[in-house]
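Novice: One structure coming up, written as structure tokens, with questions to follow.
The numbers here are math on the coordinates, done by the rules we state, and not lab data. Bear in mind the structure is a predicted one, so any value in this text is a computation, not a measurement. Here the Cβ is made from the backbone with ideal geometry for all residues, glycine too, and neighbour counts use every protein chain on show.
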Amino acid sequence: MSGVPQRTLLLWCPDWPVLAAEIVDGVPATDPVVVLHANRVVACSERARAEGIRRGLRRREAQGRCPHLTVVDHDPGRDARAFEPVVAAVEEVVAGVEVIRPGACATAARGPSRYLGGEEAAAERIVEHVAQSCAVESQVGIADGVFAAGLAAREGRIVAPGGTREFLATRPVEALGRPALADLLRRLGVRTLGDFAALPAGDVLARFGFDGALAHRLAGGRDDRPLAVRQPPADLIVTADYDEPVDRVDAAAFAARTLAELLHERLAGYGLACTRLGIEAVTAHGQELHRVWRHDGLLTAAAIADRVRWQLDGWLTGSNGRGGTRPARPTAGIVRLRLVPDGVLAQAGLQPGLWGETGAERERAHRALSRVQGILGPEAVVTAVLGGGRSPADQVRLVPWGDERVPARPGPPPLPPASPAAAPPVPAGSVRGVASSRPVPAGSVRGVTSSRPAAGAAPGAASAPVVVPPGGRAGRRAGRGRAMAEPPWPGRIPPPSPAVVLPAPLAADVRDAAGDPVVVSARLAVSAAPARLTVGDGRPAEITGWAGPWPVDERWWAPAEARRRARFQVCLADGAALLLAVEGGQWLVEAIYD
């Protein structure tokens, strides 16, 4: 940070949040208007300032000074959207624009001043062009560095090269935009940027920290941060207008191929390829249709044409709304068609598959499934994605074919397989959720077979939970030779997963050998060994083996969403294996093992 500050031209639009509210929401900026954030004024119109309103006032105080005040909520998204045309207008005159914030943008002053005949001429040209293109009033400041140029823009001033330090010296410390630091400096007797810049840099760093040291450099005119110029986005959208509405599939296919080739050529000109394609159509009656297609590879011209043709076929041959399952067809033909490359990347940025290029069989299946989606909608073809979760149903998420296969929840870290003769290790610090990979006989303790039940337990009941403290002897023995991975989902049933996960759990009844209901207490004590299971209105089945309970206490911090339940694995006399859960005294069948 020892370089010379870059000569910077900064354009500033006064009261931009107020102007953005007028542009987007139609609030007249000529009226007394204030923009509030956290119940305080962050911007106000000129008429509001004439009524004595200033930034930082509370809402009630501002309305007390001006009863007919118009109040607008602060919306950074609205400010940014309204400022985009202004930035585009500046880019029509100069190149390499950096957006500082909504309402202010900067660029290097050297190029525009040499091209337009001096810094003053460049400033006048930019201000005039923004006023003509966007009907927005703006001011330009030029100085050494972005910070000084921003202060100069508020005065519409051009600071001479080398005079930035003197220009900043008389400014109050509030100009740094750090209220807490400015308040502390004033209490220490430092009132101007010149006084602050005169302090030793080492003392400033020791007293005010890194942010104070950065403010100290700005106060001394040593703002040598280079501009992060914005690259104007390329216009890649292709559009076709038709004099005669297109209402036949053959005509739509011809239009699709022509437009797809045009889009592919435009992308190739920029060295890009399309991975996600947006298809938009407007009918003669003004109806707007939109669909996004995703592809796991690069869309060639033929692939783009196929997807556009399929989509138009699906739109034009939709159902007539009389009980059909397909979407209703448009009421008129298509008069405008647009292709929007929603996702692009460099052509060299996509690696081939692990076994080489995509085969013909996979491509044929992808084309067939994509065509079904074009006719019935994206949700008509879905694939399963495995992720995290405590229950088997939470670990599977269905996503439309072609969408990114990203799990909604992180899954567990990979664990090295245990030997068949050894029991699964118990992670250090684990209290619940270390389940066996398959149903084990009664009397097991978290998957570690015990020769007898714990003292005080019912015959055949599972023993008490094993709690291994972090760093304990058991944890050190289990972790000897390899790193122990902490399970991220306590209470999750480990692999192998059940073969069938029921969409809705089935009500069940579990009884002991005496015919009494089996109850699990709050301390996870099982009243008796489960002996018979009845699912719904079916016949009772004998339970030959069981393991559990494995408790799960979810979202205990939100009473309305809290769930507390325990899971059991049971084996039946006919060879079936089930995953049971008991919640609120009700037994449920969640899944079936193969």
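Novice: How large is the Kirkwood hydrodynamic radius of the range 1-144, counting all unique pairs of alpha carbons, in Å? All intermediate terms of the calculation are to be shown ahead of the outcome.
Specialist: Values: mean 1/r = 0.0615 Å⁻¹.
Taking the inverse mean of 1/r over all distinct Cα pairs, the range 1-144 comes out at 16.3 Å.
Novice: Summing Lys, Arg as +1 and Asp, Glu as -1, what charge do residues with Cβ under 9 Å from the Cβ of A581 carry, A581 excluded? Could you put the intermediate results ahead of the total?
Specialist: Values: positive: R565, R567; negative: E583, E590.
Here the charged neighbours net out to 0.
Novice: Mind putting together the pair-distance distribution for the range 497-550? All Cα pairs, 5 Å bins, whole percent per bin, short to long.
Specialist: In order of increasing distance, the bins hold 4, 17, 22, 26, 19, 10, 1 percent.
Novice: The range 1-108: which trypsin sites (Lys or Arg not before Pro) are DSSP loop and have at most 16 other beta-carbon atoms within 10 angstrom?
Specialist: Passing both the DSSP loop test and the Cβ count: R54, R55.
Novice: If you project the alpha carbons of the range 112-268 onto the principal axes, what extent comes out on each, in Å, largest first?
Specialist: Projected onto the principal axes, the Cα atoms of the range 112-268 cover 81, 37, 26 Å.
Novice: Let me ask something else about it. How would you classify the range 126-193 from its alpha-carbon gyration tensor, with a ≥ b ≥ c the square roots of the eigenvalues: rounded for a/c under 1.5, else prolate if a/b is greater than b/c, otherwise oblate?
Specialist: Details: a/c = 4.01, a/b = 1.93, b/c = 2.08.
Since a/c reaches 1.5 but b/c is at least a/b, the shape of the range 126-193 is classed as oblate.
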